[in-house]
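Read through the structure below, which is laid out as structure tokens, and then see the notes.
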Amino acid sequence: MNTVSDIINALARPNIRALKPYSSARDEAPKGNGDRIMLDANENSFGGPLTEDFSRYPDPHQTALKAALAEMKGVLPEQIFLGNGSDEAIDLLFRAFVEPGQDNILTMPPTYGMYAVQANIHGAEIREAPLQANFEPDLLALQAATDGHSKLLFLCSPNNPTGNHLPREFVLKMLQEFPGIVVVDEAYQDFSTQTSWLPWIDQFPNLVVLQTLSKAWGLAGLRVGMAYSNPFVIRLLNKVKYPYNLNAMTLRLGLEALKAPSLVASKVADILLERDRLQVTLPRLNCVEKVFPSEGNFLLVRVKDADGLYQYLAQNGIIVRNRSREPRCENCLRITVGTAAENNRLLELMGNYLPQS
Ligand SMILES: *Cc1c(COP(=O)(O)O)cnc(C)c1O
């Protein structure tokens with residue numbers, strides 16, 4: 001009772017374990033030779049109104065995009081789930097593992113808001129172990145909150161909105177002792193000095209690593225998120241997803257984007273230079289109390305008057321995220337690193353701001 005398959009099956013919801021997924025017409029047909037005439041899916045064989053042809057359903061297995069990602073990341077295609085953003089992967093983890101009204105999930109606020117939203121949608125109890133001073137994890141609180149119904153633990157590293165990464169020993173300990181799935185959300189991994197947890201999916205059956213093309217890859221509008229884990233977890237996620245969850249345009253453009261990693265790397269380097277510049281210049285401003293160190297493409301900034309400054313920036317055309325109502329984020333704004341020109345305007349406006357208290 002401890003093969004990876006057994007462990008994952010024991011964690012999965014019984015109805016999902018037993019689920020026979022939708023089988024697309026094309027999966028059932030034996031493969032013949034040469035071009036095929038497709039009269040199986042009630043598509044419009046005469047084509048659509050656009051110059052580009054979207055008349056056919058996209059590949060439900062996303063074979064080409066997974067092959068490219070597998071090669072880039074050094075994993076097997078069977079270890080990759082592709083979602084309509086990593087937000088879809090978060091949703092499906094609940095569907096696969098969390099029994100409504102019975103199971104609980106753990107988060108460490110302040111963190112990404114989607115974990116709690118999905119928990120509420122799926123009727124899961126949220127147990128919180130808030131981060132401590134310096135945004136360090138609270139191991140004892142986490143252990144005290146965990147029980148036999150704890151199915152998902154969300155570890156966001158680097159963490160949104162605090163910008164720090166979680167200590168390696170802490171994540172390792174959780175992988176060793178947490179009874180459910182440990183989700184390491186690495187949305188900001190490409191900006192970080194820390195190594196990814198991706199290689200550890202072979203070691204720990206309960207590890208799921210989330211990544212995305214939305215941040216460093218600059219493709220938030222395309223909607224491509226990845227979940228990496230062992231093939232048994234991936235199979236469960238594939239069972240519960242919509243068959244055609246990534247559309248044909250996303251599949252085509254996603255594949256094209258993966259061919260240009262050096263272009264992405266150079267833009268990430270530019271962002272990091274700008275982040276370092278803001279890190280140094282923001283604290284010189286009157287309205288700024290502290291800029292927290294960041295491993296992401298954003299900075300958490302403690303100011304004298306977060307609500308007032310937020311309003312003032314918005315009225316002057318700069319939208320930032322007011323996180324001042326999150327635990328340990330009193331008077332904090334989360335500011336995304338922009339282009340040099342955007343950051344200059346931000347610094348100019350903030351330099352002219354007169355705090356209200
Ligand atoms: C932005 C963000 C995501 C969302 O990614 P999508 O792939 O665009 O859905 C996931 N996790 C964290 C922590 C994020 O900040």
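Numbers for the structure displayed
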| read-out | value |
| --- | --- |
| Separation of the A269 and R252 label points, Cα + 7 Å toward Cβ, nm | 3.2 |
| Descending semi-axes in Å of region 95-147, equivalent ellipsoid built from Cα gyration tensor | 22, 13, 7 |
| Label point distance in nm, R17-Q102, each placed 7 Å from Cα along Cα→Cβ | 1.0 |
| With 20 Å bins from 0: P(r) over the chain, alpha-carbon pairs, percent | 27, 53, 19, 1 |
| For region 4-259: relative contact order, % (alpha-carbon pairs under 8 angstrom, 6 or more apart) | 25 |
| Under-16-angstrom lysine pairs by C-alpha in the chain, whenever the two are 8 or more apart or on separate chains | 8 |
| Cα-based helix-to-principal-axis angle, 306-315 vs the chain, degrees rounded to 10 | 70 |
| Accessible carbon and sulfur surface of region 262-352 relative to its total accessible area, %, 1.4 Å | 49 |
| Convex hull volume per residue in cubic angstrom - Cα atoms of region 1-134 | 241 |
| Region 1-152 - percent of accessible surface contributed by carbon and sulfur, probe 1.4 Å | 54 |
| For the chain, accessible area per residue (1.4 Å probe, heavy atoms of protein chains only), Å² | 49 |
| About the Cα centre, charge dipole magnitude for the chain (Lys/Arg +1, Asp/Glu -1 at Cβ), debye | 180 |
| 3J(HN,Hα) from dihedral phi, region 164-178, Karplus parametrisation 6.51/-1.76/1.60, rounded to Hz, x for glycine, proline | 8, 9, 7, x, 4, 4, 5, 4, 4, 4, 5, 4, 7, 10, 5 |
| Net lengthening on full extension, N120/K259 (0.36 nm per residue, minus Cα-Cα) | 46.2 nm |
| Cysteines without a disulfide-compatible neighbour (Cβ-Cβ under 4.7 Å), the chain | C156, C287 |
| Sum of side-chain charges, Q315 neighbourhood, beta-carbon under 15 Å (Lys, Arg +1; Asp, Glu -1) | -2 |
| For region 182-280: rounded, prolate or oblate by the Cα gyration tensor [a/c cutoff 1.5] | oblate |
| Cα-based equivalent ellipsoid of region 262-352: semi-axis lengths in Å, sorted from largest, via gyration tensor | 22, 15, 12 |
| Interatomic Cα distance distribution for region 122-230, bins of 10 angstrom, percent | 13, 45, 34, 7, 0 |
| Highest to lowest packing among 338-346, 295-303, scored as the average C-beta count within 10 Å | 295-303, 338-346 |
| CD proxy at 222 nm, helix term only [per DSSP H run n ≥ 4: -39500 (n - 2.57); per residue of the chain; nearest 500] | -10500 deg cm²/dmol |
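The values are calculated or read from the model by the stated rules, or taken from the named source; none is laboratory data. Because the structure is a prediction, the values reported are computed rather than measured. Every residue, glycine among them, receives a Cβ derived from its backbone with ideal geometry; neighbour counts consider all protein chains shown. What goes into the accessible areas is simple: the full protein's heavy atoms, side chains included, and nothing from ligands, DNA or RNA. Shrake-Rupley method; radii C 1.70, N 1.55, O 1.52, S 1.80 Å.
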